[in-house]
1. Is it fair to say B:ALA237 is surrounded by 13 or more Cβ atoms within 10 Å (Cβ to Cβ), out of contact with any Ser or Thr (no Cβ under 8 Å at 6 or more places or on another chain) and either modelled with pLDDT of 95 or more or within 16 Å of B:PHE205 (Cα to Cα) (or both)?
2. From B:PHE153, B:PHE192, B:PHE207, B:PHE196, grab the single residue that is without any contact (Cβ under 8 Å) to a residue 12 or more places away in the chain, of a type in the set (Phe, Trp, Tyr) and under 19 Å from B:LEU253 (Cα atoms).
3. With respect to A:ASP183, is the statement that it is more than 29 Å from A:GLU134 (Cα to Cα), among the acidic types (Asp, Glu) and modelled with pLDDT of 90 or more true?
4. Within the stretch A:109-130, can one find any residue that is small (Gly, Ala, Ser), more than 19 Å from the chain's Cα centre (by Cα) and crowded, with 16+ Cβ neighbours inside 10 Å?
5. Across the stretch B:25-38, what is the total count of residues that are at the interface with chain A (Cβ under 10 Å from one of its Cβ atoms) and exposed (fewer than 14 other Cβ atoms within 10 Å of the Cβ)?
6. Between a first residue in the stretch A:62-80 that is within 13 Å of chain B (Cβ to nearest Cβ) and under 17 Å from B:GLN125 (Cβ atoms) and a second residue that is part of a helix (DSSP H, G or I) and acidic (Asp, Glu), which pairs have beta carbons less than 8 Å apart while being 6 or more apart in sequence or on different chains?
7. Listed residues B:LEU152, B:LEU140; which is within 14 Å of another protein chain (Cβ to nearest Cβ), crowded, with 24+ Cβ neighbours inside 10 Å and under 18 Å from B:GLY206 (Cα atoms)?
8. Select, from B:LYS201, B:LYS139, the only residue that is in contact (Cβ under 8 Å) with a residue 12 or more places away in the chain and under 30 Å from B:LEU252 (Cβ atoms).
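The values are calculated or read from the model by the stated rules, or taken from the named source; none is laboratory data. For clarity, every value in this text was computed on a predicted model and none was experimentally measured. Quick reminder, even Gly has a Cβ in these numbers, built from the backbone with ideal geometry, and neighbours come from all protein chains shown.
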Amino acid sequence: MAAPPSVTTERLSGTQPSASSLVVFEDVALAFEGTPVLKGISFHLAKGETKAIFGVAGSGKSTILKLTLGLLKPDAGRIYVLGEEISQRKEEDLFELRRRIGMVFQESALFDSLTVRENVAFRLLEEGNVTEEEVDQPVREALSFVELENTVDMFPSELSGGMRRRVAIARAMITHPELMLYDSPTGGLDPVTATTIIELIIKQRDVFKTSSLLVTHRLQDAFIMATHYFDRRRNRMQPLPPGTRSEVPMGFLILRDGKIIFDGGLGELVHTQDEYIREYIS
Amino acid sequence: MELVSPADFAKDAVQAVQDYTLLAVRSVGNLFRPPRYVADIVYQADLIGVGSLPIVVLTGLSIGAELALNSANTLQRFGSLSLIGQLVSVGMVRELGPIITGLMVAGRNASGMASELGSMLVTEQIDAMRALGTDPMKKLVTPRVAATVFMLFFLTIISDLLGLFGGALISTLLYHMDWHQYWSTAWQILVFQDVFMGLLKPVLFGFVIATIGCYYGLTARGGTQGVGRATTQAVVASSVLILVVDLLVTKLLMTIFAYQ
């Protein structure tokens, strides 16, 4: 059996932002048409860490991901991503940074007029000056990673919901970004397919050591991530041996009414005395 | 229906004008900044230009024929039937060719652009494009604007020629005019100012059609219903703007060229 991943980062959750933090939110606030969505949000994501973001619908989870990518701009506060301050940066100045980040959207957001190959290769084709071979090789690798090699010439409308999510993961990870953002990647999927998607996210985390923010409604997704590692030899995820769970670089962030009410690790989460959180995780 | 205060209405209107102006300016500015999506421009030119050809051929031909048919009756009363070629020529080249072609292309393509971009917006494909490091303004808007301006110019020339041809058919077949006389009078009456006016208009109309179609698509709100609304608004707004621009340009050029 391949050994579980060793922890190379500091104890991650609940610590102060450091130079190794990939994402830092400082007192970020945002309102839509006068209605506050986020109120003074502060957290950080350390290198190598995966942070799962929970909250009821409309609590601002997806908004955090869009702010991280610069798709939205905060009304107040500062956001640092990959060491760069992006809070008020102009759209055209963000494209270079975004090429270092992968995002999987809630409904996959695949380009419906392009084939799977063109979707996955989109980033490479946009960079220009690439030959067919230079595109085909990484596309094959990315599709092989999500085990969808035989869908290369299909259109998104010909794929199932779970397959579309997997193609979206392949599209996001083709250039091996330093940071991955997952917006409800298992939303609307059956439990078996959802577990397949989570296994891919664990694979991405453990094989490429990618940091990530994961928005999800399903608490079990984050628990699986915190209690499993990807065994490369068996090509599947395995439960972590007893006593090593606290070493997985996994943090939890719970939002309520636009504020963070919990930012910590699995141990702190299961032993919390907060009634709302206890009810949420029960 | 929710009532909107006059202040909010005014703010929304100013915001819309500002957003549209920014989109229009950036769509042109992007032509001079890399990356340039030449393949997308060619693809859109095929879609907009070649795709619109049948409808432009049909309308050009029938408008020219109808113009000849209607004016022949009046001209005949004054014994001036020989002027029919001149009338059709000036009417088609200066006014009817550009405006009919513009309205046809607006109906077909402003709606297509608004619905396509609107659908991409509500399914987060626009956000996905931005997330992948690609500027949707450069990738989606500029190619559509460039292709529409370029193709409408040539579609209008085709429409003008077919209008003249339609007029020639009516004049010779129904009113027994000489074919060569029709074409020589139609050709001789045209001066530089007429041709300039007739070819400047499609450039402006093409810009209006594409920028309005893209603007409504990229500002669509409210799911599929919002996309439908944006599509309708794009056709109405681009058609109205074409008529307004036509009036202004005609008046301006007539003043500049000191038309009698």
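1. Numbers: surrounded by 13 or more Cβ atoms within 10 Å (Cβ to Cβ): yes; out of contact with any Ser or Thr (no Cβ under 8 Å at 6 or more places or on another chain): yes; either modelled with pLDDT of 95 or more or within 16 Å of B:PHE205 (Cα to Cα) (or both): yes.
Taking the combined requirement at face value, the residue satisfies it.
2. Values: B:PHE153 fails: without any contact (Cβ under 8 Å) to a residue 12 or more places away in the chain; B:PHE207 fails: without any contact (Cβ under 8 Å) to a residue 12 or more places away in the chain; B:PHE196 fails: without any contact (Cβ under 8 Å) to a residue 12 or more places away in the chain.
Matching residue, one of B:PHE153, B:PHE192, B:PHE207, B:PHE196: B:PHE192.
3. Numbers: more than 29 Å from A:GLU134 (Cα to Cα): yes; among the acidic types (Asp, Glu): yes; modelled with pLDDT of 90 or more: yes.
In short, yes.
4. Start the filter on the stretch A:109-130 by keeping residues that are small (Gly, Ala, Ser), which leaves A:109, A:113, A:121, A:128.
Now narrow it down to the ones that are more than 19 Å from the chain's Cα centre (by Cα): A:113, A:121, A:128.
Keeping just the survivors that are crowded, with 16+ Cβ neighbours inside 10 Å gives A:121.
Yes.
5. Result for the stretch B:25-38: 3.
6. Taking only residues 6 or more apart or on different chains, the pairs are A:LYS66/B:ASP127; A:LEU71/B:ASP127.
7. On the way: B:LEU152 fails: within 14 Å of another protein chain (Cβ to nearest Cβ).
So the residue among B:LEU152, B:LEU140 that is within 14 Å of another protein chain (Cβ to nearest Cβ), crowded, with 24+ Cβ neighbours inside 10 Å and under 18 Å from B:GLY206 (Cα atoms) is B:LEU140.
8. Details: B:LYS139 fails: under 30 Å from B:LEU252 (Cβ atoms).
Exactly one residue qualifies, and that residue is B:LYS201.
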